[in-house]
1. Per residue, what volume in Å³ does the Cα convex hull of segment 154-259 take up?
2. Averaged per residue, what accessible surface does the chain expose to a 1.4 Å probe, in Å²?
3. Pick from ALA20, ALA49, ALA209: which residue has the top mean-square fluctuation in a GNM of the chain where Cα pairs under 10 Å get a spring?
4. Along its three principal axes, how long is segment 65-161 when you only count alpha carbons? Whole Å, largest extent first please.
5. Using only helices, what value at 222 nm comes out for the chain when you add -39,500 (n - 2.57) per DSSP H run of length 4 or more and divide by the total residues, to the nearest 500 deg cm²/dmol?
6. Suppose the Debye formula is applied to equal point scatterers at every Cα of the chain; what is log10 I(q)/I(0) at q = 0.10, 0.12, 0.17 Å⁻¹?
7. At a 1.4 Å probe, what is the % contribution of carbon and sulfur to the accessible area of segment 58-119?
8. Using the basic label-point model (7 angstrom from Cα toward the beta carbon), what is the ARG185 to ASP87 distance in nanometres?
Amino acid sequence: MEKLPLFDTHAHLDVEDFDADREELLRKIGETMAGIIDPGCDLPSSKKAVELAHQYPFVWAAVGIHPEELSHSSFDELKDIEALCADSKVVAIGEIGLDYYNDENSPHDLQSLARQLQLARKVGLPVIIHDRDSHEDVLKVIREAGQGVKGVLHCFSGDWAMAEELLGLGWYLGFGGTSTFKNDRGVRSILKQVPEDRILFETDSPYMAPVPYRGKRNNPLYTAIVAERAAELRGTTPEKIMESSTNNAKKLFFRLKTL
């Protein structure tokens, strides 16, 4: 089978949801896709992502502390995260960001995002940002602490004004399963307008599977569905937009030298 020029820039294959069939799934991914990035969510999962990346030539890792994992992480662990960045298979700091979905009335840790953006600048790597119901503060921290840093807003859910500002800063926007949901017209509207050279495709596996698999376990093979739906929306061919998005991944995540 000929490989698709397709790259999943966000898939958590290190999590237990894939313990039963991880090896078989990765075999299929290696046969049909250009590759994937597995972002860590804390120090242990970041280490697992790096280990996985060394086992498979088409897997790369990102390392960082997710906002939902801060309660059992510490800033001291950023030293270990920094050490992992020396590994050639680590292509970004991530998954980092802000999440206000479950605690909108509690304090939010902008400092963690700022420090990890500063770490990205120090080690010279791009970032993968998680932004859930926190658009204004994410932009604020990027403006104040992200000078000189490039990255992607994973699973973009902001409005066009936010998209325009990020594009003006040289950032990329990630689109996954939500761009196939009929009730998520805002995301599809943004996807239709974003310049082709700033689009990244992702799955966020095992979460947010695209239609027609919504509600089931997601996996990187479904990146093809996201790309096909995007091609329909934008009036282009799946092959063209797959190739463009993979080239975008190589530009942002510049350590993807072997693609």
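The values are calculated or read from the model by the stated rules, or taken from the named source; none is laboratory data. These figures come from a predicted structure and were not determined experimentally. All Cβ positions, glycine included, derive from the backbone under ideal geometry; neighbour counts span all protein chains shown. To get the accessible areas, we keep the full protein, side chains included, count just its heavy atoms, and leave off ligands, DNA and RNA. Shrake-Rupley method; radii C 1.70, N 1.55, O 1.52, S 1.80 Å.
1. Each residue corresponds to 95 Å³ of Cα convex hull volume.
2. With all protein chains present, the chain gives 45 Å² per residue.
3. ALA20
4. Extents along the principal axes, in whole Å: 36, 31, 22.
5. When only DSSP H runs of four or more count, the value is -12000 deg cm²/dmol.
6. Rounded to two decimals, the profile gives -0.43, -0.64, -1.38.
7. That fraction is 45 percent.
8. Placing both labels 7 Å along Cα→Cβ, they lie 4.5 nm apart.
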